Amino acid sequence: MRILGYRLPMPAALLLWGALWEIAGRLELVPILPPLSDVLIAMGQLVHTGQFWAGARTTLASFATGMGLAIAIGIPLGMLMGRIAMADRLLGMWVNLFASAPLTALVPVLMILFGLGSTTVVVTVTLFAVWIIALDTAAGMKHVNPSLLEMVRSFGASRWVIYGRILPLAALPEILAGIRLGLIRGVKGVVIGQLLVSIVGFGELFELYSRNFLMPEFWALTLFIFAFALVASEAIGWIEHRIEAYASSRS
Amino acid sequence: MTQRLARPPRLTLAATTDAPNIVEVRRISKSYGNQIEALRDVSLAFPRGRLTTLLGPSGCGKTTLLKIIAGLIPADAGDVYVNGRVVTGPGPERAFVFQDFALLPWANVLRNVAFGLELRGMAKDEREALAAKYIRDVGLAGFEKRYPHELSGGMKQRVGLARALAVNADVILMDEPFSAVDEQTRRKFQEDLLQLLAVERKTVIFVTHSIEEAAYLSDQIVLLTRRPGTVAKVLEPRIDRSHGPEAVRRDPAYLDAVEEIWAMLKQYLA
Amino acid sequence: MATSVAEAGTARPVRTRFANVLFWRLVSIALVLGAWEIAGRIPVSFAFPPFSATFAAFVGIILDGTLPAAYLTTLQPLATGLVVSAVFGVMFGVLMGLSRTAEWALAPVFIVMQAAPMAALIPLVTFVYGIGLTAKVLAVCLLAAPVIVLNTYKAVRTVSPSLLDMCRSFLGTPLQQVTKVILPAAGPVIFAGLRLGVAAGFIGIVLAELLITPTGIGDIITYSSSIADYPTMYATIASLIVFAGVTVSILQQVETRFVRPEKRA
């Protein structure tokens, strides 16, 4: 897009949409859409409240724990499936099923099993993220150059070294891609989990705002979460980009 | 150097179909962005019914020149004339054969060959009958219902050639058509191409980076310099093709042409 | 000038391969269900019924018509939402693929929608559209549309430039370029986007039924959970997950078999 000879980068379009939002809000076209300026003010106020920081801490802690578990389970699971045909045959079907299934439906079960608290949210995040990490890791394992492994073995590397260091590094691009996709799913998991549990973290705030129809605050919180989701996935994308050179030389 | 037009007449010949040169390129220049100058002031003439190769080191703008003749990309300066008319875009008198074949992967050989006719709105029966004829001519009879992924590289390019022949254009533009094909297939294809052209009477403009290919196929060879591409020399090897395709490769005229081209091109290699 | 056919397909009998896959599928299912049964019998939790009890409950709710009725209720907004998302999603995606201006204006919005947890907006939908069918359709669209739009857009953008050149050099009109080259070339990726959209739509409908109003599947889950009828609850959830998985994998089969001629061997 060019205006007066200047190339406008794509994200600039978001400013345009922001302006439209402001206008739609001022005209009160939709009751749930306050002007963007009100939302921005609410965002400014929100960061000065203890409630917000308490919610953010709980949410981030659940998210980080859940993602940590997903990575800790997903990578070994994927390595197992990628290296051992039997494991792939026995587990592949289930991992594929869960990777595309509406796991949201499981949250009510988790609420009964793990109680109405952060544990349920943590497990939701893990369940949302782990399968795609395992699938991508397995795909990465299958792409590892066999002659690389022969070389490493010929230098006398132990199984421990191969599985602990060589294979994860050789499949790093796919693993990172899996983690990035897992991260996006994990953010969805933490939001969905908190919305359904609705008494912890941001879920509690969402419930509070929508019950009292505090739309600027509701949108402010939503924008914070959106921004977090984007920043987190861009950060992993940036790391992926950094190792792209080695990924392409690996072929 | 006889064919090179040092100072082309600004007065155009009347639009006539029996001018000796079917395609004329006059003072073409082309740059990409501000940095890369691909072609500078190139003027060339392509005699009717002959095969001319554009030969030069990689990055000399030979494919750019071919695409300008095809009307696929515009030149910054200069004009291309086909049958005396200025080229402003692709036209029915020119057909293109692509380096990467450019076959529709979801269409079988018959539909791919008939695709140019399909775009012109010819009825299905009619275009498929025509396509079937050209499929036979390029030696692919029996493969009409195959899909591109079932064919080897050489066969795919035969489909590309049949598609170009089927639209009955006077000029066939071939962009390194054999570069993605292995050596044996390539030789066979070169021989078949010459036999086919003896029957079809087409004018061919052929881009290649292979000296042997240029010498083997061409009536006229245009050597282009390194970027920015300019015409270094135009050769007309007088090779006797009457003793069959194999004899050509032992013809002294062929071997001399290869030597001469190599001597010319060597100086452009750093 | 006869040339040999490149590859005539592998000679290995398809039937044995298929039987082999089926065998391992069955072993895998048996193992997982066995583990479920044992865990349920220990039991790991008072709220974790063994597979046998769950299966019995499953047969029960099928026979008394509860589950089929619930599926009919749930599938209505899901199907509507998916059709709406598919039609508008492919339209927007093609538009963004063809026009730089549309790309500039719309792509960032859909990229944000794709990466962001749109589920957060579902409670809002209720305020505008109440708790009826429209709200649920909208919930499905919110989750399914972005992935469909982005896949279509990428598919159109990545059509081989040499195919486009080919169409132009053989005098194809811009309309022919779209209908005869761009859409068929983008078809497989668009279809893959639709498949991902269906998977996302399932999440949308489940959320809608759990967050907006319990109807259909969501109603059975919520109700059986509130009266501690865990076998029924588990049976319903498992049936939904399997149903979604089977739907998506059928679409995947269709994709490899019919949508990509270059893939069929």
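The values are calculated or read from the model by the stated rules, or taken from the named source; none is laboratory data. Since this is a predicted model, take the numbers as computed values, not measurements. Neighbour counts run over all protein chains shown; Cβ positions are idealised from the backbone, glycine included.
See the values below:
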read-out	value
Subset tally (residues that are surrounded by 12 or more Cβ atoms within 10 Å (Cβ to Cβ) and within 21 Å of the chain's Cα centre (by Cα)) for the range B:233-248	9
Spans of strands (runs of 3 or more DSSP E) in the range B:157-230 with at least 3 residues within 30 Å of residue B:126 (Cα to Cα)	B:171-175, B:203-208
Members of the range A:14-59 found to be in contact with a Phe, Trp or Tyr (Cβ under 6 Å, 6 or more places away or on another chain) and at pLDDT 85 or above, listed by number	A:36, A:39, A:46, A:55, A:59
Counted residues, the range C:155-200 - those being without any contact (Cβ under 8 Å) to a residue 40 or more places away in the chain and in a helix (DSSP H, G or I)	19
Residue list for the range C:212-224, restricted to those being part of a helix (DSSP H, G or I) and buried (at least 21 other Cβ atoms within 10 Å of the Cβ)	C:216, C:217, C:218, C:220, C:221, C:224
Segments classed as helices (runs of 4 or more DSSP H), wholly inside the range C:45-151, with at least 2 members that are in contact with a Ser or Thr (Cβ under 8 Å, 6 or more places away or on another chain), modelled with pLDDT under 95 and not charged (D, E, K, R)	C:51-63, C:66-98, C:122-129
Residues satisfying the stated conditions in the range C:116-138, i.e. within 20 Å of the chain's Cα centre (by Cα) and within 11 Å of chain A (Cβ to nearest Cβ)	C:116, C:117, C:118, C:119, C:122
All positions within the range A:195-233 that are more than 9 Å from chain C (Cβ to nearest Cβ) and in contact with a Gly (Cβ under 7 Å, 6 or more places away or on another chain)	A:197, A:200, A:201, A:204, A:205
Test: residue in the range C:98-115 that is buried (at least 24 other Cβ atoms within 10 Å of the Cβ) and either of a type outside the set (Ser, Thr, Tyr) or within 11 Å of another protein chain (Cβ to nearest Cβ) (or both)	no
Members of the range B:77-112 found to be at the interface with chain C (Cβ under 10 Å from one of its Cβ atoms) and part of a strand (DSSP E or B), listed by number	B:94, B:95, B:96, B:97
Spans of helices (runs of 4 or more DSSP H) in the range A:162-251 with at least 3 residues under 23 Å from residue A:121 (Cα atoms) and not basic (Lys, Arg)	A:172-197, A:201-211, A:215-242
Hits in the range B:128-147 - residues which are in a helix (DSSP H, G or I) and buried (at least 22 other Cβ atoms within 10 Å of the Cβ)	B:131, B:134, B:135
